[in-house]
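One structure is given here, and the rest of the page talks about it.
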Amino acid sequence: MKRPLFAVVALISLIAQACTQHTSFVKADTAALGRVVVYRNGIAYYERKASVDSDKLTMKVPADKVDDFLKSLTVADAKTGLPLPVSFPAPGQQSADGQVEMTIQLPDKTHRDILLTYVTEAPAWKPSYRVMVSDAGKVDLQGWAVVDNTSGEDWNAVKVGVGSSSALSFRFDLHSIRLVHRETLQSQDTFAKAPPLGGSLIASAGDETIVAQMDDAEILREAGHPDVAMETIAMAKAPRDVAMRREMAKAESRSNHAVGGLEGPMAAQGFMRVAPSAAPAPQYKMAGKDAAANEEQRLRSLADSLKGKKSNIVIEGYANGGEADANDKALDRANLLRNQLIERGVAPAQLQAVARGVVAGQKAGVRLVEQKNTADGAKTPDDNGAPVGESHFESGTPMTVLKGTSAMVSVVQGAANGEVVYLYDAEGAHGDAKYAFRSVRFINPTNSTLETGPVTVYGSGRFIGEGLTDPIPPGATAVVPFALDRQVVVDRDGSTGDRISKLVKLNRGALTAEVMHQKTTKLKITNRLGTATTVLVRHNVARGWNITKSPKIVEKFGDSHLFGMEIGPHESKTIEIEEATPLTRTVDLRTPMGLDLVKVWIDSAKDAPDAVKGLKQVLQFHTDMAKATETIESLRERAEEYRNRLDELHAQLFSLKAVKTAGPLMTHLQQKMKEMSDKVSSGTLAIVAEQEKLLLAKVKFHDALAELTIEKTAVASAK
């Protein structure tokens with residue numbers, strides 16, 4: 001599209017007094033300044049044209065600008081395009097006013113036009129925007145550039161431009177005299193060759209930094225991890241046996257006391273109350289809640305420190321000497337910490353888990369190493385791969401900017417496709433987790449990137465807010481929040497879960513699998529307005545996560561996604577954003593967590609029939625165990641009710657012993673006690689029978705687990 005013309009709006013202010021005292025970068029009476037382009041990277045491009053009738057053209061350049069001048073100067077005959085030579089004095093020969101005189105030597109005194117171009121240091125221009133919105137939903141966009149003239153000369157009738165690009169710029173010394181050191185040799189000298197310096201062939205560790213170290217006992221274990229499951233079984237086994245013996249003795253004593261010396265089946269059968277199931281496994285393998293809380297705080301602090309790093313982190317796992325499956329145990333420790341850091345917000349692509357196995361002098365545990373030097377072309381965690389925008393705006397007519405002043409010039413003027421919307425941004429530095437911002441959404445109508453700058457929004461002839469925009473590439477959509485009116489309310493909720501995608505290894509009940517770790521963000525969005533509105537949700541996706549479910553994506557720029565939806569007046573809508581990343585977990589199939597993961601995998605698995613068949617058998621045995629356990633608990637509850645009734649009857653019989661006329665009633669109550677005693681006895685026998693079923697199911701379950709083995713095999717589920 002056609003670029004807008006620059007037009008001087010106002011001279012804003014004098015810069016600093018020091019700036020007005022600068023001498024002109026190039027001072028030549030015949031070299032008129034015709035074009036200036038100011039860039040955002042601290043430089044400006046100058047173009048001059050001189051008409052010369054003599055055989056030379058003399059210019060004066062400030063001494064501190066000579067290097068830039070020599071680095072970028074081009075001098076050519078405007079008609080033929082041939083370059084012309086330039087001479088200048090050696091360092092220290094500048095004039096008293098601090099200027100270095102440079103002479104362009106011409107072949108003769110014939111009249112000719114000379115074109116000079118060069119680049120020099122200059123203040124960056126500043127963008128500023130205005131957006132006018134109307135009730136009809138139209139948007140008018142104005143863009144302005146604030147340009148500072150600190151060159152030390154007036155820009156009279158000069159074509160001025162502004163721009164930005166990915167061009168690199170630097171300082172380089174070209175004015176100083178540079179002597180190169182050379183060796184002095186003599187033919188009579190005797191030379192002896194010295195040996196090279198000794199050193200290691202291993203790469204220096206100077207590019208690595210140890211971030212943290214953890215011993216094995218400091219690594220948190222989840223409930224389904226084999227270490228926690230084995231520890232719980234070992235702790236619960238002995239107390240359970242003791243409890244069973246105590247319950248048996250207590251039941252026998254209580255039974256004999258309840259029948260009051262009468263003959264009854266409880267005394268004969270020896271009623272036994274089985275101890276309750278072992279307590280659930282602790283969440284982590286830690287010595288107490290306080291220790292677990294301390295480790296959790298340490299883990300969160302570590303995660304927060306890693307989020308701010310640009311480098312990648314290698315988590316090294318170590319094992320003790322003599323430890324069985326040392327490499328597997330080392331990798332498991334590294335994966336445990338990696339998973340926990342990811343769950344606390346560290347980008348998965350930033351973390352790599354490796355097994356170091358057994359290393360002399362290194363205890364079992366993990367070590368976090370920061371890799372500062374990435375390979376050529378490797379992306380750092382904050383590199384979203386977005387292209388660097390370029391922009392260039394230039395005036396079609398000359399303009400004047402006096403030295404030591406600033407000018408505000410127009411760069412964009414006209415209508416743009418846009419509307420007023422609401423933006424929910426809970427993840428931004430100045431976002432809000434409860435309310436959506438009223439925002440203006442528009443498309444960049446130019447062929448250049450609109451640089452970051454403040455945006456003032458007007459509507460119906462009044463000021464309605466201000467915002468700040470990120471760089472807007474050509475044709476891209478910008479959403480600029482400008483007000484928080486609390487008309488759109490958002491209730492936020494989230495959850496996480498795992499789904500097995502690949503079985504890696506299964507040995508004696510310990511399953512190592514690649515799981516898709518999923519996190520789901522639920523947003524209930526309520527529109528309090530009496531009119532329908534468009535709501536956009538900004539969601540950042542960290543490197544290593546992939547979106548698997550979401551509303552319609554309106555815009556995507558780097559790691560940031562915009563999801564959009566229409567919400568009617570006084571209406572509420574709930575949306576879900578689901579993300580997934582692969583993790584490696586080791587779980588014990590004897591735990592509920594391990595069994596739940598396997599159940600989901602079996603439902604989607606279409607290959608590996610042997611593994612599926614074996615796991616289905618394991619699950620069936622576990623189902624039998626669950627049924628037997630449920631039946632036992634139900635029988636115990638019923639037996640407890642019968643025992644309570646026996647206690648009541650025994651108390652009533654004891655009270656009636658003092659009543660002479662209570663014979664018939666006592667006979668009736670004794671009959672009731674016998675009935676209750678019979679029910680307790682039959683219930684006890686039923687419990688014993690179910691316990692035998694439970695024991696048999698447990699044996700089958702553990703035998704099936706012991707026989708089912710998958711060694712280093714990638715068994716994937718159906719997608």
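The values are calculated or read from the model by the stated rules, or taken from the named source; none is laboratory data. Worth saying up front: this structure is predicted, and the values here are computed from it rather than measured. Cβ: placed from backbone, ideal geometry, glycine included. Neighbour counts: every protein chain shown.
Observations on the model:
- Listed by first and then second residue, the pairs linking a residue in region 405-429 that is in contact (Cβ under 8 Å) with a residue 40 or more places away in the chain and of a type in the set (Phe, Trp, Tyr) to a residue that is buried (at least 21 other Cβ atoms within 10 Å of the Cβ) and part of a loop (DSSP other than H, G, I, E, B), with Cβ atoms under 8 Å apart and 6 or more places separating them unless they lie on different chains, are Tyr422/Ala436; Tyr424/Ala436.
This table checks each residue for (1) loosely packed, with under 15 Cβ neighbours inside 10 Å; (2) of a type outside the set (Ser, Thr, Tyr); (3) touching a strand residue (DSSP E or B) at 6+ places or on another chain (Cβ under 8 Å); (4) modelled with pLDDT of 85 or more.
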site: Val388; (1), (2), (3), (4): yes, yes, no, no
site: Val401; (1), (2), (3), (4): no, yes, yes, yes
site: Gly404; (1), (2), (3), (4): no, yes, yes, yes
site: Ser410; (1), (2), (3), (4): no, no, yes, no
site: Ala415; (1), (2), (3), (4): yes, yes, yes, yes
site: Leu423; (1), (2), (3), (4): no, yes, yes, yes
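- Put simply, of Thr548, Thr623 the only residue that is of a type in the set (Ser, Thr, Tyr) and without any contact (Cβ under 8 Å) to a residue 24 or more places away in the chain is Thr623.
Quick grid of which residues meet (1) among the small types (Gly, Ala, Ser); (2) more than 30 Å from Leu511 (Cα to Cα); (3) more than 46 Å from the chain's Cα centre (by Cα):
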| site | (1), (2), (3) |
| --- | --- |
| Val612 | no, no, no |
| Asn644 | no, yes, yes |
| His650 | no, yes, yes |
| Ser655 | yes, yes, yes |
| His668 | no, yes, yes |
| Ala689 | yes, yes, yes |
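- Listed by first and then second residue, the pairs with beta-carbon distance under 9 Å, at least 6 apart or on different chains, first residue in region 39-65 and among the acidic types (Asp, Glu) and at pLDDT below 85, second exposed (fewer than 13 other Cβ atoms within 10 Å of the Cβ) and not in a strand (DSSP E or B), are Asp53/Lys109; Asp53/Thr110; Asp53/His111; Asp55/Pro107; Asp55/Asp108; Asp55/Lys109; Asp55/Thr110; Asp64/Gly98.
- For the residues Ala292, Ala334, the requirement of being crowded, with 19+ Cβ neighbours inside 10 Å and modelled with pLDDT of 60 or more singles out Ala334.
- Among residues of region 346-361, those that are part of a loop (DSSP other than H, G, I, E, B) and at pLDDT 90 or above, counted: 3
- Tally of residues being in a loop (DSSP other than H, G, I, E, B) and of a type in the set (D, E, K, R) across region 576-596: 1
- Scanning region 679-697 for residues being in contact with a helix residue (DSSP H, G or I) (Cβ under 6 Å, 6 or more places away or on another chain) and either modelled with pLDDT under 85 or not polar (S, T, N, Q) (or both) gives a total of 9.
- Test: residue in region 501-509 that is assigned to a loop (DSSP other than H, G, I, E, B), modelled with pLDDT of 90 or more and surrounded by fewer than 16 Cβ atoms within 10 Å (Cβ to Cβ): no
- Selection status of Lys679, more than 26 Å from Arg585 (Cβ to Cβ), in the same structural domain as Ile710 (by TED's automatic domain parsing) and of a type in the set (D, E, K, R): yes
- Which listed residue, of Lys556, Lys599, Lys627, is in a helix (DSSP H, G or I), in the same structural domain as Asn527 (by TED's automatic domain parsing) and not aliphatic (A, V, I, L, M): Lys599
- Unmet criterion (only one of (1) of a type in the set (Ser, Thr, Tyr); (2) out of contact with any helix residue (DSSP H, G or I) (no Cβ under 8 Å at 6 or more places or on another chain); (3) buried (at least 18 other Cβ atoms within 10 Å of the Cβ)) for Thr521: (3)
- Residue in region 300-331 that is surrounded by the fewest Cβ atoms within 10 Å (Cβ to Cβ), counting only those that are among the hydrophobic types (A, V, I, L, M, F, W, C) and in a strand (DSSP E or B): Val314
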